[in-house]
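The values are calculated or read from the model by the stated rules, or taken from the named source; none is laboratory data. Quick caveat, the model's predicted, so the values are computed rather than measured. Note that we place each Cβ from the backbone using ideal geometry, even for glycine, and neighbour counts take in every protein chain shown. Surface areas here come from the heavy atoms of the whole protein model, side chains and all, with no ligands, DNA or RNA. Shrake-Rupley method; radii C 1.70, N 1.55, O 1.52, S 1.80 Å.
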Amino acid sequence: MGWLEEDVGKESLMMELTRLVQKVMKESSWWEKRGVDCSILTATHLSPVVCLPAFLLLGSSQLLWFSLGMLLMGLAHAIITVKGTHLASHGALCESHTWAKFWAIFFIEICSSFSAQAGIHGHIKMHHAHTNIIGLGDSSVWKIPFLPRIIYLFMAPLSVPVITPLVALGMVVRTVLMIALGLYSQYWLLINVSGFRSMPGALLCMLVCRAMFSIPYIHVNIFQHIGLPMFSPTKRPKRIYQMTHGVLNLPRNPMLDWTFGHSLISCHVEHHLFPFLSDNMCLKVKPVVSKYLIEKKLPYQEDTYLSRLHLFFTKYQELMVFAPPITELVGVQ
C-alpha cells in the first residue's frame, strides 16, 4: 500500500478547487459573505418575534402560550450557541481580528458557557486540522463507550447544558466570570421579565431551553465523521483526500439549517475544505465544490439523518465503543 502520484499532483487538485471558490468569493457582496448570517444572529437576539416574545410568553399562566415561549427560547438558544458559536470560532462573522476575538468570547463564553480558548483549540486546531486522524481529530471526544446506545443517543445529550459549564470551571478566571454573566443574565430576565417567582422554576426553564436541541446537536457531530475512513497520523492523506473521505453532508433541513447553520448540516464537506467561509457562502459554493469533486471522481458523501441514526443504532458497538479501523488510500494520490 502507498501513494501513487508525485507531490505536485497531490497539491494541484486542492489548489484548483481553491481558485474556483476564490472566484465565487470575489464575485460575492458583503451581504452574501457575512451579512446574511450576521442578520440571522442579530435578529435572534433583538427581534420582536424571537427572544422578547419568548420571555413574555414564559410569563403566561396558559399552558399553550407557556409551551410556545419555551419552544421559542430553545430555538433562540440553539441559533445563538450553535450557529453563532461555530461561526465565531472560525472568525467568520467579521474581518477584524479584534472583533473576531470579542465575538468568540461573547458567543462561546457568555452565551454557550464554555472557554473560548479551549473551544477554538479543540475545534479549529484539532478537529479541522486533523479531521479523522486517529488520536487527534478523530471525533473520539464525543464517544462515551460505557453508555448503552439508548442512553447515549437519546438521553445523555440532555446533560450537555450542565456538563459544559462544569468542564469550563477549570479554565481561566475571565471564562468563569463570562459564564456567570451569561447564566445570570438569562436568570434575571426570567425573574424580571417573564415573572418567574422561584429560583428552581427559573433554573429548570433554563435547563430545558438549553437542552432542547442537544440531541440533534450530538447526533450531527458524530454522524458526519464517525463511521467514515479514519487515518493514521503517520500516513495521513493530503487535505483534499482527507476531507472528502472523512466528511459527510446531511440533506437540507429547515429547522437544523436555521439553528445549526448550513456549514454544520448540508455543507459540511465545503466547510471542512474552506473553514473560513460563512454559512451562507458555504451554501453558495456548494454547487461549485460538488461539481468539481464529482468531475475529479473524488467522494462527495451525503446521507440522510434517519439513515445515519439507523446506522449508529444498529452498529453502536462497532462505531462508538470499539477502536475504528485505520484506512489507507491506495492509488488516489
Q: List the extent of the Cα atoms of the chain along each of their three principal axes, largest first, rounded to whole Å.
A: 69, 49, 39
Q) Is any residue of segment 248-266 close enough, with backbone N under 19 Å, to a label point placed 7 angstrom from the Cα of S307 along the Cα-Cβ axis, and if so, which? A) 248-254, 256-257, 264-266
Q | Two-site FRET efficiency, K297 against L71, from Cβ-Cβ distance with R₀ of 41 Å, rounded to 0.05 | A | 0.35
Q: For segment 63-155, with all protein chains present and a 1.4 Å probe, just round the carbon and sulfur fraction of the accessible area to a whole percent.
A: 74
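Taking the highest mean first, how do the peptides 222-235, 72-85, 28-41 order by number of other beta carbon atoms within 10 angstrom per residue?
The peptides rank, most packed first, as 72-85, 222-235, 28-41.
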Q) Taking the Cα centre of each part, how many Å lie between segment 50-68 and segment 237-262? A) 34
Q) Using 1/(1 + (r/R0)^6) with R0 = 41 angstrom and r between the beta carbons of L204 and T98, what's the FRET efficiency to the nearest 0.05? A) 0.60
Q. What number comes out for the charge environment of L136, summing +1 per Lys or Arg and -1 per Asp or Glu over other residues with Cβ under 15 Å away?
A. +4
Q | Cα-projected label distance for H128 with M255, points at 7 Å along beta-carbon direction, nm | A | 2.9
Q. By its C-alpha gyration tensor, with a ≥ b ≥ c as the square roots of the eigenvalues, how is segment 220-333 shaped: rounded for a/c under 1.5, else prolate for a/b larger than b/c, else oblate?
A. oblate
Q | segment 131-255 shape via C-alpha gyration tensor axes, a/c threshold 1.5 | A | prolate
Q) How large is the helix-only mean residue ellipticity at 222 nm for the chain, computed as the sum of -39500 (n - 2.57) over DSSP H runs with n ≥ 4, divided by its residue count, in deg cm²/dmol to the nearest 500? A) -16000 deg cm²/dmol
(Q) For a test of the definition: using alpha carbon positions, the gyration tensor, and the 1.5 limit on a/c, classify segment 1-155 as rounded, prolate or oblate. (A) oblate
Q) Using r as the Cβ-Cβ distance of E318 and Y187, and R0 as 45 Å, what FRET efficiency do you calculate, to the nearest 0.05? A) 0.60
Q: Enumerate cysteines in the chain without a disulfide-compatible partner, where compatibility requires another Cys Cβ under 4.7 angstrom.
A: C38, C51, C94, C111, C205, C209
Q.
Give the residue list of trypsin sites (Lys or Arg not before Pro) in segment 163-231 that are DSSP loop and have at most 16 other beta-carbon atoms within 10 angstrom.
A. R197
Q. Can you give the accessible area per residue of segment 225-287, in Å², using a 1.4 Å probe?
A. 30
Q) Which of the listed residues, H268, L63, N253, is farthest toward the dipole's positive end in the chain, when Lys, Arg count +1 and Asp, Glu count -1 at the beta-carbon? A) L63
(Q) Roughly how far apart, in whole Å, are the Cα centres of segment 281-313 and segment 144-169? (A) 28
